[in-house]
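Colleague: Here it is, the structure in full.
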Amino acid sequence: RDLHSFPTRRSSDLNAHTIEQVKQLSQLFKLLAEPNRLKILCTLGLECQPVSDVIEATGLSQTNVSFHLRALREAGLVRPERRGAFIYYCLPDPELLTVLDNLHIWLEHREGLTDNAKLRRTKKKAS
């Protein structure tokens, strides 16, 4: 999926978000502003994994992973699943993977545009 396949909004749609929706998005972005939480989300998939696998994949301590998993669980961004004495975690919705992938694609596209603008300015100065 590329950047041009995203749905577009008209400027008249921009005010369609209610104050409550903006607050919810703000809280979500605040939660995801912690790089370790994003690292954990990107590590998890739809198949549940034990905490030990998350620790190994992220390189974070058990205490750190547990702390962040709790925050992500309370926000509904990860789903716990008890299997015997262990708790496994996974993403609750495949759409969350798509959102993360789309944000990554958008950032890469944006960085490419920024790099092209810098290159044009450099060429212009050299002329």
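Colleague: Filter the stretch 3-27 down to the residues that are surrounded by 10 or more Cβ atoms within 10 Å (Cβ to Cβ) and modelled with pLDDT under 55 and list them by number.
Modeller: Across the stretch 3-27, the qualifying residues are 3, 6.
Colleague: For the stretch 28-51, enumerate the residues that are closer than 19 Å to residue 79 by Cβ, open to solvent by 70 Å² or more (accessible area, probe 1.4 Å) and at pLDDT 85 or above.
Modeller: Listed by number, the residues that qualify are 39, 42, 47.
Colleague: Is it the case that the stretch 94-111 has a residue that's outside any helix (DSSP H, G or I) and out of contact with any helix residue (DSSP H, G or I) (no Cβ under 8 Å at 6 or more places or on another chain)?
Modeller: no
Colleague: Additional query: Take the stretch 50-109 and flag every residue that is under 16 Å from residue 38 (Cβ atoms) and aromatic (Phe, Trp, Tyr).
Modeller: 67, 89, 106 - these are the residues of the stretch 50-109 that are under 16 Å from residue 38 (Cβ atoms) and aromatic (Phe, Trp, Tyr).
The values are calculated or read from the model by the stated rules, or taken from the named source; none is laboratory data. Everything numeric in this text was worked out from a predicted model, so none of it was measured. Cβ atoms come from the backbone with ideal geometry, glycine included; neighbour counts cover every protein chain shown. Remember, those area values only see protein heavy atoms, side chains included, never the ligands or the DNA or RNA. Shrake-Rupley method; radii C 1.70, N 1.55, O 1.52, S 1.80 Å.
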